Structure formats: C-alpha cells, structure tokens
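The values are calculated or read from the model by the stated rules, or taken from the named source; none is laboratory data. The model shown is predicted, which means the values in this text are computed figures rather than measured ones. Counting neighbours? That spans all protein chains shown, and the Cβs are built from the backbone with ideal geometry, glycine included.
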Amino acid sequence: MTSQALLLDIEGMKCGGCVSAVEKRLLAQPGVLEASVNLLSRTAWVELEPTAQADYLANGLLESLAGLGFPGRIRSQQSALEQLRASRAPLGWWQRWRELVIALVLLVISSVAHLSETGPLADMRLHGLVASIALLGPGRLILVRGWQGLRSGVPAMDTLVGLGVFSAYLASLVALIWPGVGWSCFFNEPLMLLGFVLLGRFLEDRAKRRTGDALEALADLQPNTALLLVGDDLPRPVRVGGLRPGDRLRILPGDRLPVDGKVISGCSSVDESGLTGEPMPRLVQVGAELSAGGLNLQSPLELEVLRSGADSALARLIELVQRAQASKAPIQALADRWAGRFTWIVLALAALTFLFWWLVGTQLFPEVLHGLSHGHGHHRSLGAGANTPVGLALQLAIAVLVVACPCALGLATPTAISVATGRAARLGLLFRGGEVLQVAAEVRTVLFDKTGTLTRGRPLVEACLSLADGLGEQRLLQLAASLEQHTRHPLAWALLQAAESRGLPLLACSASSTIAGAGVEGKVEGMEQLCRLGSLNWLEQQGVVPLAEALAWQLEQGQAGATVLAMAHGKQLLGLLAVRDALRPDAAAAVQRLKQRGYGLGILSGDRQGPVRQLAGELGFEPEQLGWGLSPAQKLAKLEAAEAPVAMVGDGLNDAPALAAANLGIAVGTGTQIAQDSADLVVLGDRLMAVPQALELAQRCMAKVRQNLVWAFGYNLLVLPLAAGVLLPGFGLLLTPPLAALLMAMSSLTVVANALLLKLP
C-alpha cells in the first residue's frame, strides 16, 4: 500500500521558528510519516500512513496547529493550474495596500507626537489613547500570535515583536499613571515599532510574490476560452474548464492551445518554447499530439481534446514545480535546527540585557545615562531619552527583542529554490525538489547514454547503393520500405520515413515474416521472387553472393557509425542502404560546455563498438571515457566506479535503472509523467544543452542559498550584541528600538531580494 499525502495551507508563519514549531507539531501527530513545511509558500506537505483515515487525521492536524496559533486548511483537490489562478485573483485596493497604509499612518502619528512639545498634541493622555488603539488594531494579531506561541512553548518572531511593543507600551502606561516612578513616557515607540514591522512585512510580501513570476507566466500560457466545434455549426466560445476528452476545437493562428489534443485537420507551425524552451517552432500535421500552452503560428487547426484540466501537461508541469518549491534542500536542516532554538536564545539574551543594565551596567558605566539624557519635553524617545537605569535597561532589552530576525533564517533556502525551480520550468527544466538542486550543484561527473540521448533516437537513411542494372536508388528505397511496412523495428521506421519524405508509394507485400536478429522477407508487388532485407551475412546464408563493391561500401559506412541493410531479390543482391541515428544538433556544444566547466565525462552504451567510437570521435570524448556493449548491470557497475557525485543522462525509459542508481538522474526528451517516476531532473524537449544549463543553474541557486544563510546568521551575530549595548560604554553607540525594527525588516527583505537576483545561465 502506498502512503497518502495532504497539502495544507498554513497561516501566521513569519519566521524559521514558526516553521520548526509547525513541523514538530505535525510529526508528533499519530499517523504522520513525514512533514515538510515551507515558509515562502506557507504550505505543509504531510505524508500519512497508508492505513490512516486521511479526513479524520487532517481535522486533528488542523486543530492542533490552530492551538499553536497557526490556523490552516486543506488545499482543495482542484488542479494545480486552477489553484495558481485562484491565488492570483486580483485583490481589492485595501487588501493589497492595507499594511502599507497602516504602517505609514502609524509612522506619521509617531513622528508628530515625538516632535510636539506644547498644545493638545503634547498631552500624554492623547498619546496613550492613540497607542492603545494601535495595539488593539493593527498590533492585535501580532500580540495574540506572540502570546499563543509563548504559551505553547514555541515562541517565534511575533513573540519577540509583541514583547517589545507591549513592554514599551506598558512602561509608558506606568509612567503616565504613576508619575512618581520617574520614568519617561514614550508612547510613540510602540507606534514606530509597529509601523516599521508592518512596512517591512509589506515590502517582504511584495518581493516574495515576485518569486512566483515564472509560475504565473506558465499559467498565462493557457487561455480561459476555446472555440468548440459542434456538428457543422460555426464554432462557439466556451470556458476551458468545461471541455472534455473527445470535444473538437478550432485553433486559429495566434491562439494558444487550451488543452492537450491531437490534430485531426490542418497543418501549421506551433511554438512550444513556453513549455520546453525549444526556440524553433514545430511543424505539426494530422495525427500530431500537442500540449496545452503551445502557440499556433500559421494556419487554422482542428483539434480533438485528449486531456484537459488537471490532466493536461501544463497543469502537471505547474504541479511538479509547486511540489519542488515546497520541498527542502538538506542545507536547510542547519537553519531549521537553529530556528527552533533561536527565539529562546533571543528571549534569554533580552532578559540578561535588562538585568545587567538595570542592576550592574549603569553602576559600572554611569556616563551612559548622562550622555543619553535628552528629548522633547516629557515625551522622550525610548533609549535616546533614557535617564534612569530601568529606562535604559528596558530600551536595550526591547531593541534585542525587535532586532533579531529569525525570518531571514527561514527564508534563506526556500526563496532561492522557488526562484530557481520557477525559472528552470520556463526553460523546460523540471527539478523534483530542493534536494535535487543541491545534488545537481555538487555533481562532478556526467555520464551519457548514446541512443536517444546524444543521438536523436530516430535512425535516418543516409545513403543508398544500387547494384542492379536499371534499378535506381528511389526504386531500391521503395522496395525496402514496402517490405518493412508491417514491422515495428526502429530501422523500419527510418525506411518508411525516407519513402514518405520522397513521395514514394508503398507496394503491397504478402507472406511477410520477420527473422529475429536477421531481417525480414516477403513477396512484394511487381517482384517475381521472394525479397529479403537484412544484414549482408544473413543474405549470404540464403545463397546471395556479395560483390566486392558491396563489401567495401559496407566497411566504409560501418566505420562511419552507420548500420548497413542489404536488399536481395531471390539470389540477386539489389543494393545496400545505410541507416544512422543522427547526432543531436547541440550535442557537441553541450559536451564542450561541460568540459569547460571541469566535469568528468563518459558514454555508457549498449550499442556496438564502431558506432560508439565514431560518435565519441565527433564529440571529442577520449577512448578511456567510453563503454560499449554494456548490459544494465554493467552500466550500474560503471556508475559506481565513477567519481561521485555522478549524473546519468538518459532517455528516461530504457535507462531507468541507471537513472535511479545515479546521484542525479537526468531524463532528456521525455514528458512530465517520467518526471514523477524515474528521473530527478527532466529536460522537456530535445535540447541537450539544457543539461549544462541545469547544472549551472543549480550551482548558482546553491550559491544564493549559502549567501542568504551567511547573511542571516551574520546579521544576527552582528546586531544582537550591538542592540545589547556592547558599544555603549566608550563609544556611545546605541541601537534604538525603532531603528532595530527597521533593520529587522530590511534583513528579511535582503534575503528575498538576493534570491530574485538569481540569473539564468
């Protein structure tokens, strides 16, 4: 039995501590095998035991998370494409700009209050009323979630901010009610703290939305309406969501394909670059299968719907990218481990800071109070106007609480992964998750399959040699194709394609039979005796005498990597045909780029020595890098002997064991279904150059991850001692709570902005 999976949307997560708390709570629930929480997308992938009752467990999970202060809901079963479109639905003006407007209003009020020395605006009671409204309004959710986290034993960023804001408010309220304590009122400080926090979150959310630009571009590839054909009536526009398999559609030039379908009428060019990254349009005729998102360029097409909605290739592609973005790279484990403890460390540091400066610090360094004693009347700025030990201690403790930025730790990895996987999808590169990106960045050796990977996997007729008087090459090809018309061998496909491209009609063939490993024989229309097509050695066994010219031509073509087929009529040799699997156009460029990047290279093929060595010579491989005539077991042995980590590049079907055994399995030229089965990385389309592009993109992504982690840890290591007042004695450097709030907001914004700077190779 296979496990069950749930996708949960989680609200209220603001930092790495939130992620750690949610993951721990999910994993603690009975029936949960695995849980992965993503801060950027605010989702959780939960894997349940096969025998678990999903609905019952899901309700229990949601209740448990709500008790932590993280309400959630089960993601609906609609398609990934529909989910993405729903998430991109336009919001009202107030919803989009609410936090910014509130933040600016709070900052203006706090500035005016701070500068007012006379008149009604200088009345502390008015300031206290405004601060109370701010805490009960925009600050209420922060305080509630902060308290829920502290009560549940999983404090997070809202806990730190809430404690800082409430401490400043409470101290000012005490000073207002009991002036005898000698404290200053600083009701403007909670306003400024809330203002900067909300401003930072607004900017951060705006930046995070940009990480989904690539997915939004993919969603835009599918139109909302289509032209449905019903009988002989004129086509009528219908919603794409209402289409079903078997429906007929009219696709006009300039229209995008709304569904996966098969061409039943017409001939045109289709641009599929949005899905596969292929720059050249594809020529399509009757019988061709097309994927949703392609752009019809030339002529009208009539299409039969094959798959729509969640089953379409575009919807599956978006779902794969979303799942990849929700996953984690192993490097994130370090940040997650620290994030769960970080908030407790900050709380302890804030408490120690307060006790030190209240009980000891001002006695050891009495000059700090005299140097800071200034302000506007009775309404002083917290810290800048601290003239008592408790005031200074409170100010520094609040600065420690507010300046800490656990959210940067939580965003360091997922933002970079989200940007990388989204942009990779636009190039036709599908990474299965963050762990795949990390492995791809560490790959040192790249091994290739030959047939279908370095070559197109579609043999073509390259040359013909007619040996019979009066028999031209066209006639020779016609006879060979007619004899092969009822077989399914790849070489037969090459002959039939060649005959079709030359406009040669196929002749009737009777009594046809295939001799395994040798060839095919049968009676062809217009020919008196039995015709045979196969290897020259087999024809010799049937009594056909090869000419010296035939033997020399066979040797020449074999050395060039071609497979030679001999055609005979009775005992007479009619001619030879050379069939060769064509090299991918960009194979040489891809191999050269990998060489320049310092990768170890190799070819693992089950093909004969001659074709392998010929192809290797064209691509610049060394003899020691080649392996031919290899069985699947021998390929696995070669993989184990190569310098790890190893990437195996194959066609995704015949090479499934090797792809699974490699550190990184790369499937080239396959559809999205194989991505879910065997390969770690899937290259849509026929571009081999996408392999070095994918590896370089992974390296750049992990470089961004490391930069973000260094910044997240370095920022906190630098500013926390500064906020605690280590430079106050002797230097007079002090970090006020409003400035601390601004620095905290800019820290997380820096992480997101750095990820957005990721460039494609």
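Tell me which residues, restricted to the stretch 694-742, are touching a strand residue (DSSP E or B) at 6+ places or on another chain (Cβ under 8 Å) and either surrounded by fewer than 21 Cβ atoms within 10 Å (Cβ to Cβ) or of a type in the set (Gly, Ala, Ser) (or both). Show your work before the answer.
Taking the stretch 694-742 first, the residues touching a strand residue (DSSP E or B) at 6+ places or on another chain (Cβ under 8 Å) are 694-695, 697-698.
Result: Ala694, Ala698.
Can you find a residue in the stretch 265-278 that is among the acidic types (Asp, Glu), on the phi < 0 side of the Ramachandran plot, crowded, with 22+ Cβ neighbours inside 10 Å and not assigned by TED's automatic domain parsing to the domain that holds Val683? Explain how you work it out, then say what you get.
Initial filter on the stretch 265-278 (among the acidic types (Asp, Glu)): 271-272, 278.
Checking which are on the phi < 0 side of the Ramachandran plot leaves us with 271-272, 278.
Those still in the list that are crowded, with 22+ Cβ neighbours inside 10 Å too: 272.
After this cut, where a residue has to be not assigned by TED's automatic domain parsing to the domain that holds Val683 as well, the list is 272.
Yes; the residues of the stretch 265-278 include at least one that is among the acidic types (Asp, Glu), on the phi < 0 side of the Ramachandran plot, crowded, with 22+ Cβ neighbours inside 10 Å and not assigned by TED's automatic domain parsing to the domain that holds Val683.
Keeping to the stretch 36-61, report how many residues are under 22 Å from Thr159 (Cβ atoms) and aliphatic (A, V, I, L, M). Outline the logic, then answer.
Taking the stretch 36-61 and keeping what is under 22 Å from Thr159 (Cβ atoms), we get 37-40, 42, 44.
Retained after the next criterion (residues that are aliphatic (A, V, I, L, M)): 37, 39-40, 44.
Residues in the stretch 36-61 being under 22 Å from Thr159 (Cβ atoms) and aliphatic (A, V, I, L, M): 4 in total.
Residues in the stretch 386-435 that are out of contact with any His (no Cβ under 9 Å at 6 or more places or on another chain) and outside any helix (DSSP H, G or I): 11 in all. Looking only at the stretch 527-567, residues that are within 28 Å of Thr451 (Cβ to Cβ), touching a residue at least 40 places away in the same chain (Cβ under 8 Å) and polar (S, T, N, Q) come to 3 in all. The one condition from (1) within 30 Å of Ser273 (Cα to Cα); (2) buried (at least 21 other Cβ atoms within 10 Å of the Cβ); (3) not polar (S, T, N, Q) that Glu462 does not meet is (2).
One residue is enough: does the stretch 483-491 have a residue meeting the conditions under 15 Å from Leu574 (Cα atoms), part of a helix (DSSP H, G or I) and either at pLDDT 90 or above or assigned by TED's automatic domain parsing to the domain that holds Glu618 (or both)? Taking every residue of the stretch 483-491 in turn, at least one turns out to be under 15 Å from Leu574 (Cα atoms), part of a helix (DSSP H, G or I) and either at pLDDT 90 or above or assigned by TED's automatic domain parsing to the domain that holds Glu618 (or both). In this structure, does Ala499 turn out to be in contact (Cβ under 8 Å) with a residue 40 or more places away in the chain and in a helix (DSSP H, G or I)? The answer is no for Ala499. Checked against (1) without any contact (Cβ under 8 Å) to a residue 12 or more places away in the chain; (2) under 30 Å from Gln541 (Cβ atoms), Gln596 passes all but condition (2). Restricting attention to the stretch 724-760, and to residues there that are among the β-branched types (Val, Ile, Thr) and in a loop (DSSP other than H, G, I, E, B), which single residue is farthest from Pro406 (Cα to Cα)? Residue satisfying both the conditions and the ranking: Val726. For the stretch 116-156, the candidate set comprises residues that are at pLDDT 75 or above and touching a strand residue (DSSP E or B) at 6+ places or on another chain (Cβ under 8 Å); within that set, the residue that is farthest from Leu199 (Cα to Cα) is Met124. Out of Val612, Val591, one residue alone is over 27 Å from Ala698 (Cα atoms) and not charged (D, E, K, R). It is Val612. Suppose the filter is surrounded by 14 or more Cβ atoms within 10 Å (Cβ to Cβ), closer than 16 Å to Glu525 by Cβ and touching a strand residue (DSSP E or B) at 6+ places or on another chain (Cβ under 9 Å); does Ser482 pass it? In short, yes. Residues that are touching a strand residue (DSSP E or B) at 6+ places or on another chain (Cβ under 7 Å), farther than 30 Å from Ala548 by Cβ, in a loop (DSSP other than H, G, I, E, B) and at pLDDT 90 or above do not occur anywhere in the stretch 447-470. The numbered conditions (1) modelled with pLDDT under 65; (2) part of a helix (DSSP H, G or I); (3) not aliphatic (A, V, I, L, M) are all true for Trp357 except (1). Scan the stretch 637-646 and give yes if some residue there is assigned to a loop (DSSP other than H, G, I, E, B), at pLDDT 85 or above and touching a Pro at 6+ places or on another chain (Cβ under 6 Å), otherwise no. The answer is no, given that none of the residues of the stretch 637-646 is assigned to a loop (DSSP other than H, G, I, E, B), at pLDDT 85 or above and touching a Pro at 6+ places or on another chain (Cβ under 6 Å). Here is the figure for the stretch 147-162: residues that are of a type outside the set (Val, Ile, Thr) and crowded, with 24+ Cβ neighbours inside 10 Å total 7.
So which of Arg423, Arg380, Arg444 ends up being farther than 23 Å from Gln693 by Cβ and either modelled with pLDDT of 80 or more or of a type outside the set (Asp, Glu) (or both)? Residue meeting the stated conditions: Arg380.
Taken over the stretch 400-438, the criterion of being in contact with a Phe, Trp or Tyr (Cβ under 8 Å, 6 or more places away or on another chain) and farther than 23 Å from Arg687 by Cα is satisfied by Ala404, Cys405, Pro406, Ala408, Leu409, Ala412. Is it the case that some residue within the stretch 220-228 is over 30 Å from Glu442 (Cβ atoms), loosely packed, with under 14 Cβ neighbours inside 10 Å and more than 29 Å from the chain's Cα centre (by Cα)? There is no residue in the stretch 220-228 that is over 30 Å from Glu442 (Cβ atoms), loosely packed, with under 14 Cβ neighbours inside 10 Å and more than 29 Å from the chain's Cα centre (by Cα). Applying the set (1) modelled with pLDDT under 65; (2) in contact with a helix residue (DSSP H, G or I) (Cβ under 7 Å, 6 or more places away or on another chain) to Val165 leaves exactly one unmet item: (1).
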